[in-house]
Amino acid sequence: MTGALVRPLRLDEVGVRIDYFHDATDEYLLKLGVDRALLPDRDAWRSSYAEDFSRPLPERDTYNLAWELDGRLIGFRTRGFRGEDAKGSSRRRRGRHTFRPLRDPGPERVRS
């Protein structure tokens, strides 16, 4: 047993976040306040991550964390932290502070 680890999510792992939302049931997305119709296409979402990861950290739109347990990815957290106000000046933006656990999808495909 190697224990738990929180580390930056790698670009090659962003698919777990994309799949988390695209593979969720409509009922679960509703609980999260997410409209499936507003989810980006998987490939477009992956491309936006690639673009974001290519920038220096202070210029990124998001920061992503991965939770590992015994070398296995068990969850993620994405924090949006850049944005612009109505006047076009940069400001810090609050992100959601929710840990998203990854689970083997069951027949009901609902994650909590």
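Close amide H partners of G75, meaning residues 5 or more places away or on another chain with modelled amide H under 5 Å apart, are W67, L102. For region 10-32, list residues with backbone N below 11 Å from a point placed 7 Å from the Cα of R42 toward its Cβ? Once the point is set 7 Å along Cα→Cβ of R42, 15-16, 18-20, 22-23 turn out to lie under 11 Å by backbone N, inside region 10-32. Take the Cα of E13, step 7 Å toward its Cβ, do the same at E27, and the gap between the two points is 3.0 nm.
Net charge within 14 Å of P40 by Cβ-Cβ distance, Lys/Arg positive one each and Asp/Glu negative one each, not counting P40 itself? Before the final figure, lay out each step's value.
On the way: positive: R17, R36, R42, R46; negative: D19, D35, D41, D43, E51, D52, D61.
Taking every Cβ under 14 Å from that of P40, the sum is -3.
Report the full-extension gain for the segment L5 to L69: residue separation times 0.36 nm, less the Cα-Cα distance, to one decimal in nm.
Details: separation 64, 0.36 × 64 = 23.04 nm, distance 0.64 nm.
In short, 22.4 nm is gained.
Ordered by the number of other Cβ atoms lying within 10 Å of each residue's own Cβ, fewest first, V6, V14 fall into the sequence V6, V14.
Laboratory data are not the source of any read-out in this text; all were calculated from the coordinates shown. Here the structure is a predicted model, which means the values were calculated and not measured. A quick note on method: Cβ atoms are made from the backbone with ideal geometry, for glycine too, and the neighbour counts reach across all protein chains shown.
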